[in-house]
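First the structure, in the form of structure tokens, and then the observations on it.
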Amino acid sequence: MSFMSSFVLTLPEVILSAGAIALMMVAAFAGDKAEGLCRWVAIALLAAAGMASFHHAGEAFDGLYRADDFSLYAKLLIYVAAAVSLMLSPRFFSHEDRPRAEYPVLILLATVGMGMMVSAVDLLTLYVGIELNSLSAYVLASFIRKDERAAEAGLKYFVLGALASGILLYGMSLLYGFSGTTHYAGLAKAMADGVNTGELFGLVFVMAGLAFKISAVPFHMWTPDVYEGAPTPVTTFFASAPKVAGMAMLARMTTVALGPAAAQWQQILIFMALASVILGAVGAMGQTNIKRLLAYSSINNVGFALVGLASGTPDGVSATMTYMAVYVVMTLGSFACVLHMRDADGHYVEDIASLSGLSRNNKALAAGFAILMFSLAGIPPLLGFWPKLLVFFAATKAGLFPLAVIAALGSVVGAYYYLKIIKTMYFDEPAPAYAPAQSYVEAGVVAVSAVLLVGGYLLIPVLSAASAAAAGALF
């Protein structure tokens, strides 16, 4: 394939990379006063990258990168999540007197890495994408340098992330050493006649490294602390876009590169799915901080997404990607609610106890947050119910009936802490009044999320068709 053809296929990453470099120069010379300009230019670049993603499928740079319907679906979700995270950031950083023009640049660089992750069809491309995303994320987690919680979050994320990257790279080296190739198709061909011991060890290490990136149990330990300590707009980004990228790269890796080893990686995914569903549900019960609770909710939701992926079928991958699309809407709306909550002195509220009687102090915010919590709990007919139903159907259709049953029971247990928040807002004695809402962006995100979750079930056929087309590109 010619260089120009490869350039066209990788145009979304080219746009974001060039834009990030240009904005970095603007930030260096203009300083923090250019933060607003950099933010809106970054959002425009994400929109341009999204439009550039609509092109013919093909492989670029001698098979290192692939553009297809699957990567298109994942990238659109990633770009939307990144753009909304940018739109939610100014009020938080302006309140903290820390508006920084580097923030949009880091978001763009992380997004470039995620784009490479979902389009990678070679282990080297995948690793470069993961590290580009991770290095940006480490800085974002500790973005407020004078905040001890943020510094701790960034350090913990970096140390554990470096360990996970080492495990992942070791697994990749084993796969390369025993198969003689780093290309996904070559790995599948090498395993077609059976998986030898070396390849099996490589598979286990690779799955462990990828599990860290999606916060799957038992590699979830960084998530609650990082989500709590990082600035809330950064946590919003971490909880949405990287989860989509991680699940998409795992789907492509298992179905394309490790397809002949399905019997081996299915066992790993089943364990991670059940452990994530159960620990996410149980771990959230004793939380008093909203962001930590949403961190365990994220772990819980990753478990449900893995239920579909563990089936190893087109229906399972389709259900997983549908789940991730709905999850992004629920997550962005939930964190927009958190960003919208301030006490009478204008300080951000993170304690669940501070939500007491919110329905009497701010009816609209309480109603929006309640809808989001009901949807996360999977209460029908809200939109959050249907993706869970789809992943359960996919698992049972693939013969994984016990997995579907246990996950469904875990969903019932997990509903407790969502309903606890609703009980706090509507039935407890009112806490001190909230400061008047001043952000139309946050209010708009909450309102749009709530409307989509209430009436979005009408879009399920369309979303399912798009997910099915995306999944079809892998089989």
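Computed values, structure above
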| quantity | calculated |
| --- | --- |
| Residue list for region 54-76, filter: part of a loop (DSSP other than H, G, I, E, B) and surrounded by fewer than 17 Cβ atoms within 10 Å (Cβ to Cβ) | Phe54, His55, His56, Ala57, Phe61, Asp62, Gly63 |
| Check on Val139, in a helix (DSSP H, G or I) and free of Cβ contacts under 8 Å to residues at least 40 places away in the same chain | yes |
| Output for region 212-242, where each listed residue is touching a residue at least 60 places away in the same chain (Cβ under 8 Å), within 15 Å of Gly161 (Cα to Cα) and part of a helix (DSSP H, G or I) | Lys213, Thr223, Pro224, Asp225, Val226, Tyr227, Phe238, Pro242 |
| Residues within region 356-390 that are over 20 Å from Tyr296 (Cβ atoms) and hydroxyl-bearing (Ser, Thr, Tyr), tallied | 2 |
| Qualifying residue in region 274-284 (condition: surrounded by fewer than 21 Cβ atoms within 10 Å (Cβ to Cβ) and without any contact (Cβ under 8 Å) to a residue 12 or more places away in the chain) | no |
| Matching residues, region 360-395, being touching a strand residue (DSSP E or B) at 6+ places or on another chain (Cβ under 7 Å) and surrounded by fewer than 19 Cβ atoms within 10 Å (Cβ to Cβ) | Asn361 |
| Residue ID - farthest from the chain's Cα centre (by Cα), chosen from residues in region 367-412 that are outside any helix (DSSP H, G or I) and under 15 Å from Val277 (Cβ atoms) | Leu400 |
| Residue among Ser179, Ser173, Ser240 that alone is surrounded by fewer than 17 Cβ atoms within 10 Å (Cβ to Cβ), hydroxyl-bearing (Ser, Thr, Tyr) and either out of contact with any Ser or Thr (no Cβ under 7 Å at 6 or more places or on another chain) or at pLDDT 90 or above (or both) | Ser173 |
| Filter result for Asp122 (surrounded by 22 or more Cβ atoms within 10 Å (Cβ to Cβ) and over 20 Å from the mean Cα position of the chain (by Cα)) | yes |
| Complete set of residues in region 142-164 that are in a loop (DSSP other than H, G, I, E, B) and either aliphatic (A, V, I, L, M) or touching a strand residue (DSSP E or B) at 6+ places or on another chain (Cβ under 9 Å) (or both) | Ile144 |
| Check on Ile167, crowded, with 18+ Cβ neighbours inside 10 Å, assigned to a loop (DSSP other than H, G, I, E, B) and not acidic (Asp, Glu) | no |
| Enumeration of residues in region 191-204 that are in a helix (DSSP H, G or I) and surrounded by fewer than 20 Cβ atoms within 10 Å (Cβ to Cβ) | Thr197, Gly198, Leu200, Phe201, Val204 |
| Tally of residues being among the small types (Gly, Ala, Ser) and either under 16 Å from Met116 (Cβ atoms) or not in a helix (DSSP H, G or I) (or both) across region 245-270 | 5 |
| Some residue of region 18-25 being closer than 24 Å to Gly246 by Cα, in a helix (DSSP H, G or I) and in contact (Cβ under 8 Å) with a residue 60 or more places away in the chain | yes |
| Condition broken by Phe201, with the remaining ones in (1) within 21 Å of Gly115 (Cβ to Cβ); (2) aromatic (Phe, Trp, Tyr); (3) without any contact (Cβ under 8 Å) to a residue 40 or more places away in the chain satisfied | (1) |
| Members of region 170-186 that are in contact (Cβ under 8 Å) with a residue 40 or more places away in the chain and assigned to a helix (DSSP H, G or I) | Met172, Leu175, Tyr176, Tyr184, Ala185 |
| Residue match in region 114-123 (condition: in contact with a strand residue (DSSP E or B) (Cβ under 7 Å, 6 or more places away or on another chain), assigned to a helix (DSSP H, G or I) and closer than 28 Å to Gly63 by Cα) | yes |
| Those residues of region 377-422 which are in contact with a Leu (Cβ under 7 Å, 6 or more places away or on another chain), more than 30 Å from Asp351 (Cβ to Cβ) and at pLDDT below 85, in sequence order | none |
| Some residue of region 29-37 being buried (at least 16 other Cβ atoms within 10 Å of the Cβ), of a type in the set (Asp, Glu) and closer than 30 Å to Thr182 by Cα | no |
| Condition broken by Lys146, with the remaining ones in (1) of a type in the set (D, E, K, R); (2) surrounded by fewer than 18 Cβ atoms within 10 Å (Cβ to Cβ); (3) in contact (Cβ under 8 Å) with a residue 60 or more places away in the chain satisfied | (3) |
| Unmet requirement for Val14, which otherwise passes all of (1) of a type outside the set (Gly, Ala, Ser); (2) at pLDDT 90 or above; (3) crowded, with 18+ Cβ neighbours inside 10 Å | (3) |
| Cβ pairs under 6 Å, 6+ apart, first in region 36-51 and among the charged types (D, E, K, R) and assigned to a helix (DSSP H, G or I), second modelled with pLDDT under 95 and crowded, with 17+ Cβ neighbours inside 10 Å | Arg39/Leu86; Arg39/Pro104 |
| Checklist (1) over 13 Å from the mean Cα position of the chain (by Cα); (2) in a helix (DSSP H, G or I); (3) at pLDDT 85 or above applied to Ala353, failing item | (3) |
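One line per residue, one yes/no per condition, for (1) within 22 Å of the chain's Cα centre (by Cα); (2) more than 25 Å from Ala216 (Cα to Cα):
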residue	(1), (2)
Tyr157	yes, no
Leu160	yes, no
Ile167	yes, no
Tyr170	no, no
Leu174	no, no
His183	no, yes
Ala188	no, no
Asp193	no, yes
Thr197	no, no
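The values are calculated or read from the model by the stated rules, or taken from the named source; none is laboratory data. All of these numbers come straight from a predicted model, not from anything done at the bench. Every residue, glycine as well, gets a Cβ built from its backbone with ideal geometry; the counts of neighbours run over all protein chains shown.
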